[in-house]
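The next block holds one structure in the form of structure tokens; read it before the comments.
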Amino acid sequence: MTVSDPGTGAVGSGSAWVEGGGASDARIQAVIFDWGGTLTPWHEVDLTAGWYAYASIYDPRHAASLAARLYAAEIQRWQDQHHSAGSAGTGRLDQMLLDCGIDLTSARHHQALDAYLRFWDPHTEADPDAAELLGALRDRGIRIGVLSNTLWPREHHEAVFARDGLLHLIDGAVYSSELPVGKPLGDAFVAALRAVGVQDPRRAVFVGDRAWDDVHGAQQVGMRAILVPHSDIPHDQLGPVEGEPDAVVQRLAEVLAHVDRWNASGDD
């Protein structure tokens, strides 16, 4: 999958990217999903424990201090992204590790990274409704996208989606680790629209678990937004404003009925 530079040809943050089209063109062409808390259910995860799984293999003698350093570096990147409202991206995991003095060419790094990813395995399992929902949307000719704020590289996400039988159902994906920006900045959503080949944001729906990052972010470029309200978002990750979702679902499977209703009514 190819990701376009979100700054190329974009009208600008917070502006809709529309090239033609009117109310009669408002049938939904694509549904784009957030990942953590949406396609995979919300989990309370001890991030330090994840980094300890890495550090105990990379540097067993100093595992606790290395894990603490890696945790602090990750949190700083998330805070920078959040406080900038997405104008600063999360950056890449490998760059974060380099900044912490990790030798990315070493065998112990690769072994440690495997341990880190195994730690995450039980926390990344797909929602039980995901495969059936994505399949049903594709049966209707609707493209499937993913837009995730993440440090992880594409290959880590694709391995998770392949494990859970979802990768072949995804038409385009955008990860903030590949961009200079992130949600809720409008340019991140424009990149996701391009990834699924949709020009008019009114013809796309975003599904996510965060009222600021996902709902407000999607709506500011003209997309509809569906909220999955089950994640326990920490207070320091809440945004200054919240979008009013176009729909709220208690289960991921309920997304299909809303898309069908909007397409049947031609509602713009």
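The values are calculated or read from the model by the stated rules, or taken from the named source; none is laboratory data. Keep in mind that this is a model prediction, so the values were computed, not measured. Glycine also receives a Cβ, built like all others from the backbone with ideal geometry; neighbour counts cover every protein chain displayed.
If a residue counts only when it is β-branched (Val, Ile, Thr) and more than 15 Å from GLY86 (Cβ to Cβ), which strands (runs of 3 or more DSSP E) contained entirely in segment 151-239 have at least 2 such residues?
Values: elements: 172-175, 204-208, 224-227.
So the answer is 204-208.
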May I ask you to say which residue of ALA188, ALA225, ALA159 is among the aliphatic types (A, V, I, L, M), surrounded by fewer than 19 Cβ atoms within 10 Å (Cβ to Cβ) and at pLDDT 95 or above?
ALA159
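Would you be able to say whether some residue in segment 137-148 is in contact with a Phe, Trp or Tyr (Cβ under 9 Å, 6 or more places away or on another chain), more than 13 Å from PHE33 (Cβ to Cβ) and of a type in the set (Ser, Thr, Tyr)? Let's see the steps before the verdict.
Residues of segment 137-148 in contact with a Phe, Trp or Tyr (Cβ under 9 Å, 6 or more places away or on another chain): 144-148.
Those still in the list that are more than 13 Å from PHE33 (Cβ to Cβ) too: none.
No: zero hits.
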Need the failing condition index for GLY145 against (1) crowded, with 20+ Cβ neighbours inside 10 Å; (2) more than 30 Å from SER56 (Cα to Cα); (3) of a type outside the set (Phe, Trp, Tyr); (4) more than 18 Å from the chain's Cα centre (by Cα), just the number.
(4)
In segment 48-83, anything in contact with a helix residue (DSSP H, G or I) (Cβ under 7 Å, 6 or more places away or on another chain) and within 27 Å of GLY145 (Cα to Cα) is listed as GLU74, ARG77, HIS82
Within segment 84-101, is even one residue farther than 23 Å from VAL181 by Cβ, without any contact (Cβ under 8 Å) to a residue 40 or more places away in the chain, surrounded by fewer than 17 Cβ atoms within 10 Å (Cβ to Cβ) and of a type outside the set (Lys, Arg)?
yes
